[in-house]
Every structure is written in structure tokens, then in C-alpha cells.
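Report on the following structure.
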Amino acid sequence: MENFYKQLNDIVSVLKTFDHIAIIGKGRGILDIPKNALQKAFVINVNDAERYVPGHVTIFHASWILDSLKEHGLKNSFYISSQPMDELIQKDQKYIYAPFEPQNNEGAEHIAAEFQQKDFVISDFLLITAIHLAYILNQQLDRPKKIYLLGFDFQYDDRSEVLDLSGHEVDYKKILLKTQKENFRFVRSYLQDVLNIDLIHVGNSDLSDIHISEFADLFLEKTIYSGKSNFDNTRAYQKLLQKCDQDHYTLVVAELTNNHIGDADRLVNMIRIAKKNGADMIKVQKRHVDTFYTEQELATYYKSPFGNTLGDYRRGVELDENLMQVLVEECAASEIVWFASVLDYASLQFLAPYNPPVIKLPSTISNHRNFLKKVAEEYSGDLVISTGFTDLHYEEFVLDTFSGDRRIFLLQCTSSYPAPPEACQIAVVRHYEELRTVGHRVNLYSGYSSHDLGSLGSMMAVAAGASMVEKHVKYGNLEWIHFDGVALDLTTAEFETYVKDIRKAQLMCGSKMKQIHQAEHHKYKPNEQHN
């Protein structure tokens with residue numbers, strides 16, 4: 001083993017240049033890790049996890065891993081295994097042999113005891129082996145680095161099937177993961193309490209110390225804003241309207257509300273991901289906290305990182321002038337249209353200097369009739385109006401109050417979070433579309449503000465004629481945020497899938513003009529006597 005420890009010196013020299021250690025497994029959470037969140041991490045990959053998150057060291061013992069590495073190529077610099085790798089290792093890579101010792105029946109106590117032995121062996125439970133390696137490496141440093149564990153969910157689902165190439169039966173995999181979870185629970189307690197190893201489990205299970213989005217917030221590179229751009233928000237909005245009119249196009253709005261939680265870098269990341277995943281527009285929310293709520297409401301208990309009252313929470317997540325500037329600059333840099341929900345007169349005045357071509361009047365303020373009338377008098381741009389918790393009388397009020405040349409996107413909405421299927425009333429979208437086509441209100445566009453789960457309701461709204469669909473999005477799970485439960489997580493593939501579903505629905509709906517499609521053909525040629 002003396003040669004083994006000598007060979008680790010090269011790994012230690014690389015490790016010194018990084019801020020922390022990340023051990024990466026192949027649990028389902030691996031697909032949700034923003035790649036740039038690991039830029040400051042020294043990465044140890046378990047099995048063939050380097051296929052998804054390349055790092056620095058790969059540690060494995062199963063022979064099927066060799067087949068995976070052969071197929072996809074070696075991506076790391078160091079490989080520690082009991083399997084021979086002479087044919088695969090390249091000039092700039094190093095192979096370090098370590099013997100394999102199967103886990104015996106002594107259980108978790110035996111695993112933990114291995115950390116105090118001089119010899120290093122690879123065991124069945126590779127996560128513990130990887131932690132052991134990180135522990136040995138840390139011993140060579142003046143200041144040990146924190147160890148983050150990602151992709152160790154100890155759960156099996158459809159996404160796990162995509163990642164796992166071991167060939168084992170599903171029932172075996174589930175039992176193995178359950179056993180490993182209990183072993184890890186014991187071993188972690190021992191390692192932290194006895195050996196003072198700083199382990200942080202990242203994920204969304206009862207074992208987790210932080211969520212993947214929180215890990216990303218800690219280690220994403222700070223954003224450098226792009227500054228001035230030739231992008232014109234109003235002109236880009238007009239081009240979107242042309243697509244609606246000419247191509248039967250449905251606008252997809254990524255509804256951020258206040259899920260940026262007042263953080264500029266978080267806001268920028270949300271904008272960039274939403275744009276990348278196909279959003280047409282970004283929407284935020286603006287309210288003047290101290291006048292929108294009563295003093296009694298602001299003083300009510302509400303626990304958040306900003307304090308223990310609703311006022312603390314609302315002031316903490318509110319869009320201020322600095323954050324507004326970040327929004328405008330980043331939307332210009334990402335070339336995506338932005339607009340905002342305006343909940344009070346002070347907020348309307350706040351937005352005026354930015355000259356937005358469209359604003360939203362949300363369901364939240366449908367009974368604030370005096371303010372709505374002020375908007376009609378003082379704001380001449382287009383409007384998006386949601387109709388949650390309203391009936392036909394509100395529709396009549398909207399059509400009477402906001403007359404003229406402005407365009408109005410009237411969005412069917414159900415003010416329930418989440419909205420159950422029987423409450424979605426997608427047929428109302430068809431009614432709004434009929435107001436436009438049959439009622440000759442040419443400046444009226446139908447749409448759907450989705451508070452239901454998934455994409456089915458929005459796809460049906462497209463079929464009913466919606467020119468706009470709006471979906472809440474978030475950046476990881478923050479349970480203290482309002483409406484977080486119905487939002488799609490931008491750190492996963494949820495919103496990207498949603499946009500793809502909308503485009504599929506739009507494609508399948510096609511044009512209202514009935515015509516023969518090029519994909520059609522008659523199965524049988526006509527018999528001459530039947531002509």
C-alpha cells in the first residue's frame with residue numbers, strides 16, 4: 001500500500017487548487033446538477049458517473065463499468081480500481097490499483113472501522129470508499145475541505161433506469177439501495193461524530209442537508225451582466241404579436257413572480273434557463289409592500305430567511321430598482337421580452353420610466369376596481385389580464401373599462417394552488433376566443449394562466465385557441481415561497497418539457513383552414529365502375 005499512497009500525491013496537488021470536494025453518484029438527482037456549479041469542486045466520480053458529470057477521479061470495481069468507459073471514453077485524470085485498465089489509460093491519465101474487499105456480514109460498524117486502518121480497499125459500497133478516499137486526501141492538507149455528496153438519493157425510479165447499466169433486476173436494485181441507505185445513515189453519524197469528517201448530503205430526501213438548488217446558489221459563478229444591448233423590448237414584443245396573428249403561435253410566459261427572492265444572480269440564472277428552454281416572455285411581479293398590505297397583515301407571523309413576519313418576507317423578495325435594472329439588462333442580453341404584474345398605483349409609477357409595452361393585471365387585484373380604472377386612464381399599452389376568482393361580471397367590466405386600440409390577453413385562470421382538474425374550466429378559453437372571432441373584438445386574445453399540475457391543461461388551452469399560456473417557474477424548492485408547489489423547477493427538465501408539450505399541441509392543432517395534408521393518401525384506389 002505504500003506505493004498507493006505515493007501515487008495519491010499527484011491527486012493531492014490537484015485537490016489543493018479547489019475549494020471543496022464533491023463526490024458524484026448516479027442517483028436521479030445527478031440530472032439536476034447545474035454543471036457550472038461544480039467549477040470550484042474537486043470531483044470524485046463513483047462508477048461511471050463521469051459520463052454525466054466529468055470530474056477528476058473515478059473510483060470503481062465492477063467489470064461492467066469498463067464496458068461503459070470503453071463506450072463513452074475516459075473523461076477524468078485519475079482512475080482507482082481493482083480492474084486492469086492498461087488498454088484504456090491515455091498518456092495524460094493515471095491508473096492507481098486498489099484491492100477489492102467485499103463487504104462482510106459485520107455491517108456498518110466494519111465499514112466505519114476501515115477509516116482507521118492504514119490499508120485502503122475498495123468495497124461493495126463505493127460511496128463509503130469514495131468518502132474514505134476524500135478523508136485520506138484531506139489528511140494531507142493543512143485545512144481539510146468540506147465533502148459534498150451529490151447523486152446519492154438511494155431511490156429507484158424511471159430516471160434511475162436510464163442511468164443504471166449494471167443489468168441487475170429492479171427488485172434487487174431497490175433492496176440494495178434501501179440497505180445502502182441505512183448503512184450510510186449509521187456510517188455518516190460515526191464519521192461526523194468520531195472522525196469529524198464534514199459531510200453534506202445534497203438532494204431532496206430525508207438524508208439531505210441542502211437541496212441541489214441551494215448547492216447551486218452557493219457555488220455558481222457570480223454573474224457578469226452583459227450591459228448595453230441592441231435588443232429592443234417593445235420591438236421584440238411586436239414581433240411576437242405578429243407570430244400570434246400570422247402563424248397561430250402560442251406565447252409561452254415563464255412566470256417568475258418573486259421566486260428570484262431578491263437575488264440578482266438567481267434572477268439572471270432563471271432568465272437564462274427560461275430562455276434556453278423555450279420561453280417567449282419573462283414575467284415578474286411588482287407591488288409596494290408597505291401600502292399594499294395593512295400594518296396588521298405585515299405583522300403576521302411568516303417564517304422566512306428574511307425574518308418572522310409577512311412584512312420581512314415580502315420586503316426581502318420584492319423587486320427593487322437595482323434588481324429591475326438587472327432584469328432589463330439580462331433580458332436584453334438573452335433577447336427575451338419581459339413584462340410585470342402590477343398590483344398597485346405606486347408600482348405602476350415605478351414601472352413607467354421603463355416604458356413597458358405590456359403589463360399584467362393579475363387575478364389578485366380583480367376587486368381593486370379604482371386602481372384598475374386608473375390603469376385604463378394612465379397606461380396606454382397592452383394588457384394581460386387573468387380572471388381567477390371572477391365571473392362574467394368581471395369580464396364585462398374588463399371589456400368596458402379597457403376599450404380602445406390596445407390589445408388585451410384575457411387569461412382564464414383558477415385561483416387555487418394547485419387547481420384541481422374539475423376547476424380548470426379550459427372551455428372558458430374557447431369562450432374568450434369566440435369573443436375575438438365571433439364577437440369581432442379583434443384586439444382581444446385568449447389565453448390560460450396555469451395553476452394546475454403539469455402541461456395537460458395548457459395543451460388543451462392551446463387547442464381551445466389560446467394565444468398565450470403562462471406557467472409559474474422556480475429555481476429549486478424553497479418551501480417558504482408563496483405558490484412554490486405549483487411552479488416548475490428550472491433546475492430540472494420540468495419547464496423544458498412543458499414548452500415542448502405546448503409546441504407539440506400547437507403543431508397538432510395546425511391551421512383552422514381545412515386542407516389536404518401532404519401526409520395523407522387514399523388506402524384504396526377507386527374502382528372504375530364506382531367513378
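Dipole orientation for segment 1-102: of the candidates Trp64, Tyr79, Val53, Val53 has the Cα lying most toward the positive pole (charges on Cβ; Lys, Arg +1; Asp, Glu -1).
The slack in the chain from Glu321 to Lys6, taken as 0.36 nm per residue of separation less the alpha-carbon distance, amounts to 107.8 nm. The mean sequence distance of close C-alpha pairs (under 8 Å, at least 6 residues apart), as a share of the length of segment 211-356, puts its relative contact order at 32 percent.
Assuming charge only on the beta carbon of Lys and Arg (+1) and of Asp and Glu (-1), the dipole of the chain about its Cα centre is about 1240 debye to the nearest 20. Between the residues Ser366, Pro356, Ala419, the greatest Cα displacement towards the positive end of the dipole of segment 326-425, with unit charges on the Cβ of Lys, Arg, Asp and Glu, is found for Ser366. Given R0 = 45 Å, the distance between the Cβ atoms of Asp124 and Lys91 translates into a calculated FRET efficiency of 0.90. Packing, as the average of other Cβ atoms within 10 Å across residues, places the peptides 26-33, 258-265 in the order 26-33, 258-265, highest first.
An oblate overall shape is assigned to segment 240-395, the ratio a/c of its alpha-carbon gyration tensor axes (a ≥ b ≥ c) being 1.5 or greater and a/b not exceeding b/c. If the chain linking Cys509 and Thr364 were pulled fully straight, counting 0.36 nm for each residue of separation and taking away their Cα-Cα distance, it would gain 49.0 nm. The phi-based Karplus calculation (6.51 cos²θ - 1.76 cosθ + 1.60; θ = phi - 60°) puts the 3J(HN,Hα) values of segment 347-361 at 6, 4, 5, 4, 7, 3, x, 8, 6, x, x, 8, 10, 10, 10 Hz, whole numbers, x for Gly and Pro.
Rank the residues Thr492, Thr294 as a footprinting-exposure proxy: fewest other Cβ atoms within 10 Å of their Cβ go first. The partial results should precede the final answer.
Details: Thr492 17, Thr294 9.
Placing the least packed residue first, the sequence is Thr294, Thr492.
Computed over all pairs of different Cα atoms, the Kirkwood value for the hydrodynamic radius of the chain is 26.5 Å. Shown is the FRET efficiency for Arg441 and Thr497, computed with R0 = 22 Å from the Cβ-Cβ distance and rounded to the nearest 0.05: 0.05. Note on segment 233-509: dipole from Cβ charges, positive end direction compared against Ile261, Pro305, Val326; the farthest Cα belongs to Val326.
Near the amide H of Phe100, within less than 5 Å, lie the amide hydrogens of Ile122, all on another chain or at least 5 residues away, with H placed in the peptide plane.
Taking R0 as 56 Å, what FRET efficiency do you get between His288 and Asn36 from their Cβ-Cβ distance, rounded to the nearest 0.05? Mind dumping the intermediate values first?
On the way: r = 36 Å, r/R0 = 0.63.
FRET efficiency, His288 to Asn36: 0.95.
Model label sites at Leu195 and Ala346, defined 7 Å from Cα along the beta-carbon direction, differ in position by 5.6 nm.
Which order do the peptides 389-402, 337-350 take when ranked by the mean count of other beta-carbon atoms within 10 Å per residue, highest first?
Details: 389-402: 14.1, 337-350: 20.4.
Those peptides, ordered most packed to least, come out 337-350, 389-402.
Per-residue ellipticity at 222 nm, computed for the chain from helices alone with -39500 (n - 2.57) per DSSP H run of at least four residues, works out to -11500 deg cm²/dmol. By the rule of a C-alpha distance below 20 Å, with chain neighbours fewer than 8 residues away ignored, the lysines paired with Lys174 are Lys26.
As a rough guide to protection, the peptides 85-96, 507-518, 303-314 ranked by mean Cβ packing within 10 Å, highest first, stand as 303-314, 85-96, 507-518. Cross-link partners for Lys374 among the lysines, with Cα-Cα distance under 29 Å and sequence neighbours closer than 8 places in the same chain left out: Lys239, Lys283, Lys286, Lys360, Lys471. The simple spin-label model puts a point 7 Å past each Cα toward its Cβ; for Val328 and His248 those points are separated by 3.9 nm.
Laboratory data are not the source of any read-out in this text; all were calculated from the coordinates shown. The model shown is predicted, which means the values in this text are computed figures rather than measured ones. Neighbour counts are summed over all protein chains in view; Cβ atoms, including those assigned to glycine, are modelled from backbone coordinates with ideal geometry.
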